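Engineer: Pasting a structure below so you can have a look.
The values are calculated or read from the model by the stated rules, or taken from the named source; none is laboratory data. Computed from a predicted model, the values in this text were never measured in an experiment. Neighbour counts are summed over all protein chains in view; Cβ atoms, including those assigned to glycine, are modelled from backbone coordinates with ideal geometry. Please note that ligands, DNA and RNA were not included when accessible areas were found on the heavy atoms of the full protein model with its side chains. Shrake-Rupley method; radii C 1.70, N 1.55, O 1.52, S 1.80 Å.
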Amino acid sequence: MLTFKALQRNKTLKYGVPMLLLVVGGSFGLREFTQIRYDAQKIMKKLDPTLEAKVNPQKQSVILEEEYQKMKDVNLEEWRNIRGPRPWEDSKEYQEQQRSRQGKAA
């Protein structure tokens, strides 16, 4: 009985051991939770087939040929650079101005 009361009064056992258990146990708990996080990221990281083809150098030549065929069909002689609205401008008013200018030019 005497030793039990002495152990209850001991500050190392009263405060130190629970703190040590919390730190060590928290370390193991965090390790498990971070492992779950990385496993979930690995599952989500699976690539799209189109994106995978862009990354894979063997399939990349096929994509370049497809893009070249698309660019051959584009008429660059009639291309015009149209400025978009600035952040401080109202986009609807700007679009109306652009349409009115196109109507006058045509």
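Yes/no per residue for (1) part of a helix (DSSP H, G or I); (2) modelled with pLDDT under 85:
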{"site": "LYS5", "(1), (2)": "yes, yes"}
{"site": "LEU13", "(1), (2)": "yes, yes"}
{"site": "LEU21", "(1), (2)": "yes, no"}
{"site": "ALA40", "(1), (2)": "yes, yes"}
{"site": "LEU51", "(1), (2)": "yes, yes"}
{"site": "GLU65", "(1), (2)": "yes, yes"}
{"site": "GLN69", "(1), (2)": "yes, no"}
{"site": "LEU76", "(1), (2)": "no, yes"}
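Engineer: Further question: Return the pair list, or none, for Cβ contacts closer than 9 Å from residues in region 60-73 that are closer than 16 Å to THR50 by Cβ to residues that are at pLDDT below 85 and open to solvent by 90 Å² or more (accessible area, probe 1.4 Å), at least 6 apart or on different chains.
Structural biologist: GLN60/LYS54; ILE63/THR50; ILE63/LYS54
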